[in-house]
Amino acid sequence: MRRSDFQYELPPELIAQHPAARRSASRLLQLRPDGSLADRQIRELPELLRPDDLLVFNDTRVIPARLYGRKPTGGKVEILVERVLDEREFLAQLGVSKKPKAGGLVEVGEDRLTLLGRDDDLFRLRYDGPGTVMDFLQRAGQLPLPPYITHTPGGEDAERYQTVFASNPGAVAAPTAGLHFDEELLAALRARGLRTATLTLHVGAGTFQPLRVDDLSEHRMHSERYQLGTELLQAIAETRERGGRVVAVGTTVTRALESAAAQNGLQAGEGETRLFITPGYRFAVVDVLLTNFHLPESTLLMLVSAFGGYERLMGAYRHAVEQRYRFFSYGDAMLIENPG
């Protein structure tokens, strides 16, 4: 398939610029295995799942990863941290008219960064101030809202662009399917008998990078770190024994679980994933996917098309546009059952 196969028309006013009034007030489009659709609300989720199902969440926490600095010559530099490597060094995208050379300096307020070199499309930088990189980001950074959200980050975003279960700092984009869950919805799921578990995948800025090739076989995915714990693996095993399903809350959970299964089987520990899921992929772990609506021609749209079936999924997107669903990070959600 080609990138252009995943284009669809989206009126700009359907791109959600702010979250719903309440996390669990979003709409939910259900795509059943037979391809039929149902317009629902996210608060109906407990009734749409089975008591023996297991929901898996991504507990990553978004860090204030956007920085604004200047070169010693006065040129402006925008920095988007991709990954913190250790207490002093990190990888980042640089927005600057002329890329600095290795050894070059960037000033962010009173703090200084040294450019150490390139790592593919990213730059490796060292923080030369007091404390750690994380200390520096908390002091000088801004919340990195996606490029299609046009307002400056404010107090609303500080709360609502994090999930209620975010606990492991390291992401530069939120696992947005998890943004729909509040304590009330989680309590309703537990009352229904559903179990929950977590993993960690630190979402990178590459999730917003457009494909530069039309032939999907030529695309190389950005790398993201993930970690699976023994409690998660035990919960998955017990769910299988009961005949329940694994419900991935978001594409990041899906990539982590499917990557682990493809590399070494489901084992506890850390890993790196460059898994690019496109139609034709056979899912080994995930049975049901809860996800937001994704950008045209994006790798995330390709993943959900692989899960729900290309024709069914693209038809569901046309329905969502016609019914005026809200799209992208602060938008509404889809519940997709793998047709097998």
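The values are calculated or read from the model by the stated rules, or taken from the named source; none is laboratory data. Given the structure is predicted, the values throughout are model-derived calculations rather than measurements. Cβ placement follows ideal geometry from the backbone for every residue including glycine, while neighbour counts extend to all protein chains displayed.
Quick rundown of the values:
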{"item": "Test: residue in the stretch 172-184 that is surrounded by fewer than 19 Cβ atoms within 10 Å (Cβ to Cβ) and of a type outside the set (D, E, K, R)", "result": "no"}
{"item": "Enumeration of residues in the stretch 105-138 that are out of contact with any Lys or Arg (no Cβ under 7 Å at 6 or more places or on another chain), surrounded by 14 or more Cβ atoms within 10 Å (Cβ to Cβ) and farther than 16 Å from residue 85 by Cβ", "result": "108, 111, 112"}
{"item": "Failed item, numbered, when residue 136 is tested on (1) in a helix (DSSP H, G or I); (2) in contact (Cβ under 8 Å) with a residue 60 or more places away in the chain; (3) over 30 Å from residue 45 (Cβ atoms)", "result": "(2)"}
{"item": "Meets criteria (farther than 20 Å from residue 39 by Cβ, in contact with a helix residue (DSSP H, G or I) (Cβ under 8 Å, 6 or more places away or on another chain), touching a residue at least 40 places away in the same chain (Cβ under 8 Å) and surrounded by fewer than 22 Cβ atoms within 10 Å (Cβ to Cβ)) for residue 303", "result": "no"}
{"item": "Residue 255 vs. criteria of a type in the set (Lys, Arg), touching a residue at least 12 places away in the same chain (Cβ under 8 Å) and surrounded by 21 or more Cβ atoms within 10 Å (Cβ to Cβ)", "result": "yes"}
{"item": "Options 13, 44, 9, 82; residue that is buried (at least 20 other Cβ atoms within 10 Å of the Cβ) and either in contact (Cβ under 8 Å) with a residue 60 or more places away in the chain or assigned by TED's automatic domain parsing to the domain that holds residue 246 (or both)", "result": "82"}
{"item": "The lone exception for residue 271 - which of (1) over 23 Å from residue 335 (Cα atoms); (2) in contact with a helix residue (DSSP H, G or I) (Cβ under 9 Å, 6 or more places away or on another chain); (3) part of a helix (DSSP H, G or I) it fails", "result": "(3)"}
{"item": "Flag for residue 264 being under 26 Å from residue 48 (Cβ atoms) and either surrounded by 22 or more Cβ atoms within 10 Å (Cβ to Cβ) or out of contact with any Lys or Arg (no Cβ under 6 Å at 6 or more places or on another chain) (or both)", "result": "no"}
{"item": "Enumeration of residues in the stretch 87-108 that are part of a loop (DSSP other than H, G, I, E, B) and touching a residue at least 40 places away in the same chain (Cβ under 8 Å)", "result": "87, 88"}
{"item": "Positions within the stretch 234-268 being part of a loop (DSSP other than H, G, I, E, B), more than 28 Å from residue 294 (Cα to Cα) and of a type in the set (A, V, I, L, M), in sequence order", "result": "268"}
{"item": "Scan of the stretch 26-41 for residues that are crowded, with 16+ Cβ neighbours inside 10 Å and either modelled with pLDDT under 95 or charged (D, E, K, R) (or both), ordered by number", "result": "27, 40"}
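The rows are residues; the columns are (1) out of contact with any helix residue (DSSP H, G or I) (no Cβ under 7 Å at 6 or more places or on another chain); (2) in a strand (DSSP E or B).
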| position | (1), (2) |
| --- | --- |
| 38 | yes, yes |
| 50 | yes, no |
| 56 | no, yes |
| 67 | no, yes |
| 77 | yes, yes |
| 80 | no, yes |
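Listed here are the residues, each with its yes/no results for (1) among the charged types (D, E, K, R); (2) under 20 Å from the mean Cα position of the chain (by Cα).
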site	(1), (2)
6	no, yes
13	yes, no
61	yes, yes
74	no, no
77	no, no
